[in-house]
Amino acid sequence: MTSPVLELDGLTRRFGSLAAVDGVGLRLPAGARHALVGPNGAGKTTLLNLIAGTDRPGRGTVTLDGRDVTRAGPARRSRLGIARSFQQPRAIGELTVLENVVLAGWRHHAHGPALWRRPAAHRRLARDARGRLDAVGLGSHAGRPAADLSHGQCRLLDLAAALMGAPRLLLLDEPAAGLTDADLPRLLDVLAALADDVAVLLVEHHTGVVAEFADTVTVLTAGRVLVTGPTREALAHPAVRGAYLGTPGDAPRAEEHGRCSN
């Protein structure tokens, strides 16, 4: 039997007396399109942090492609194929949009710092970065400072940067938040174009995006799994609809203006 791309077993993270993540188990096969939903404070972002390695569990294990990475740091996990976007987009405002994506690719590159001494490799990386920007609709903004982008554009930049690592597992933390109605189809097109073997774990409050993208949904509440199942069934669960998600069209208010954060 083929190992799942991601397997979580009894994953637990406490902050004092609060169990932010409490005994979570999860399996994502290659090509999974899996959404993680729940109310604010349910532990969704903490769970992504535990998977990415920016936080460490008190108990439980994280396995990537059959390899135990529970004690591996975020840089190691990135090189093994985990990439993520963040709830608050992270970019260096003084750099151009293109330079931010090139920098993200450099962080994932096997040659590391030596890449800057290899002009041909750097040119290939820049070409790849332009392709990622074109895919998310930011190609025409490549030469602009990232600080000039709107909040929604910053989210698309964050996604382009995450894709530079050619990930096996892509973690997306509320990628639709702050996007305008015009940006949402672009986001869904980018997600639909991901390689079939890339597993995606999506944290999202916009149930329209979840319904369009995800095959499977896990609902967290108080750090525990409430429901895991096919998207339609999970979103129709009375506890999910009544207590956590509101109506299917709910979404955070789109922000037309803003800045990428450093």
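The values are calculated or read from the model by the stated rules, or taken from the named source; none is laboratory data. This is a predicted model, so every value here is computed, not measured. All Cβ positions, even for glycine, are placed from backbone atoms using ideal geometry, and neighbour counts span all protein chains on display.
Tell me whether region 124-147 contains one or more residues that are closer than 25 Å to ALA42 by Cβ, in a helix (DSSP H, G or I), of a type in the set (A, V, I, L, M, F, W, C) and at pLDDT 90 or above. Talk me through it step by step, then tell me what you get.
Taking region 124-147 and keeping what is closer than 25 Å to ALA42 by Cβ, we get none.
Within region 124-147, none of the residues are closer than 25 Å to ALA42 by Cβ, in a helix (DSSP H, G or I), of a type in the set (A, V, I, L, M, F, W, C) and at pLDDT 90 or above.
Mind checking whether some residue in region 218-241 is loosely packed, with under 14 Cβ neighbours inside 10 Å, closer than 18 Å to ARG27 by Cβ and modelled with pLDDT of 95 or more? It would help to see each step written out before you state the result.
First, pick out the residues of region 218-241 that are loosely packed, with under 14 Cβ neighbours inside 10 Å: 230, 232-233, 236, 238-239.
Next, only the ones that are closer than 18 Å to ARG27 by Cβ stay: 230, 233.
Add one more test, that the residue is modelled with pLDDT of 95 or more, and what stays is 230.
Yes.
Looking at the structure I just gave you, is GLY152 outside any loop (DSSP other than H, G, I, E, B) and touching a Gly at 6+ places or on another chain (Cβ under 7 Å)?
On the way: outside any loop (DSSP other than H, G, I, E, B): yes; touching a Gly at 6+ places or on another chain (Cβ under 7 Å): yes.
Judged against the criteria, GLY152 is a match.
Do any residues in region 27-45 that are free of Cβ contacts under 8 Å to residues at least 60 places away in the same chain and within 23 Å of THR63 (Cβ to Cβ) have Cβ atoms under 9 Å from those of residues that are not in a loop (DSSP other than H, G, I, E, B) and not hydroxyl-bearing (Ser, Thr, Tyr), where the two are at least six apart or on different chains, and which pairs are they?
Every condition considered, the pairs that remain are ARG27/LEU6; ARG27/GLU7; ARG27/LEU8.
Inside region 57-91, can you point out the residues that are of a type in the set (D, E, K, R) and either assigned to a strand (DSSP E or B) or within 13 Å of the chain's Cα centre (by Cα) (or both)?
Of the residues in region 57-91, the ones of a type in the set (D, E, K, R) are 59, 65, 67-68, 71, 76-77, 79, 84, 90.
Hits for region 57-91 are ARG59, ARG67, ASP68, ARG84, ARG90.
Counting only residues that are among the acidic types (Asp, Glu) and surrounded by fewer than 20 Cβ atoms within 10 Å (Cβ to Cβ), which one in region 195-217 is modelled with the highest pLDDT? Working first, answer last.
Step one: of region 195-217, the residues among the acidic types (Asp, Glu) are 196-197, 204, 212, 215.
Imposing the further condition that a residue be surrounded by fewer than 20 Cβ atoms within 10 Å (Cβ to Cβ) reduces the set to 196-197, 212, 215.
Values: ASP196: 92, ASP197: 93, GLU212: 93, ASP215: 96.
Selected residue: ASP215.
Hey, among LEU48, LEU36, which residue is touching a Lys or Arg at 6+ places or on another chain (Cβ under 7 Å) and assigned to a helix (DSSP H, G or I)?
Working: LEU36 fails: assigned to a helix (DSSP H, G or I).
Result of the check over LEU48, LEU36: LEU48.
Working carefully through the options GLY73, GLY38, find the one that is surrounded by 17 or more Cβ atoms within 10 Å (Cβ to Cβ) and either touching a strand residue (DSSP E or B) at 6+ places or on another chain (Cβ under 8 Å) or at negative phi (or both).
Just a single option satisfies the conditions, and that option is GLY38.
Kindly indicate whether ALA176 is in a helix (DSSP H, G or I), of a type in the set (Gly, Ala, Ser) and surrounded by 19 or more Cβ atoms within 10 Å (Cβ to Cβ). Break it down stepwise before answering.
On the way: in a helix (DSSP H, G or I): no; of a type in the set (Gly, Ala, Ser): yes; surrounded by 19 or more Cβ atoms within 10 Å (Cβ to Cβ): yes.
Answer is no for this residue.
ALA104 - would you say it is among the small types (Gly, Ala, Ser), outside any strand (DSSP E or B) and at pLDDT 90 or above? Working first, answer last.
Working: among the small types (Gly, Ala, Ser): yes; outside any strand (DSSP E or B): yes; at pLDDT 90 or above: no.
For ALA104, the condition - among the small types (Gly, Ala, Ser), outside any strand (DSSP E or B) and at pLDDT 90 or above - is not met.
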